[in-house]
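Working notes, structure below.
Derivation of every value follows stated rules applied to the coordinates shown; laboratory data play no part. Since the structure is predicted, the reported quantities are computational estimates derived from the model, not experimental observations. So basically every Cβ, Gly included, is an ideal-geometry build from the backbone, and we count neighbours across all protein chains shown.
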């Protein structure tokens, strides 16, 4: 949409111009649309509500005061049990076996 356009010249380092070019979604996209999208995204990402900021501050205060629990402590308190008890050694062996089988099958398909 080219309405109320004013032509301007801005100086950019080669590095910044290259970074802007990397942000283009397609070869015909203009630098203006890239800059507009980046500005819009930065506004959306930078906004935190008062409630969110207060919640973050309370969380930081809790951490500093030692009012924290490990994941294991929380699981134990809530009685959470794993759905599928896995042992790291068995899992590693199974993965290795599956990878070897896949490799062998792939090799056989090319022979």
Quick one: order 31, 47 by neighbouring beta-carbon count within 10 Å, fewest to most.
47, 31
How do 83, 48 line up, fewest other C-beta atoms within 10 Å first?
83, 48
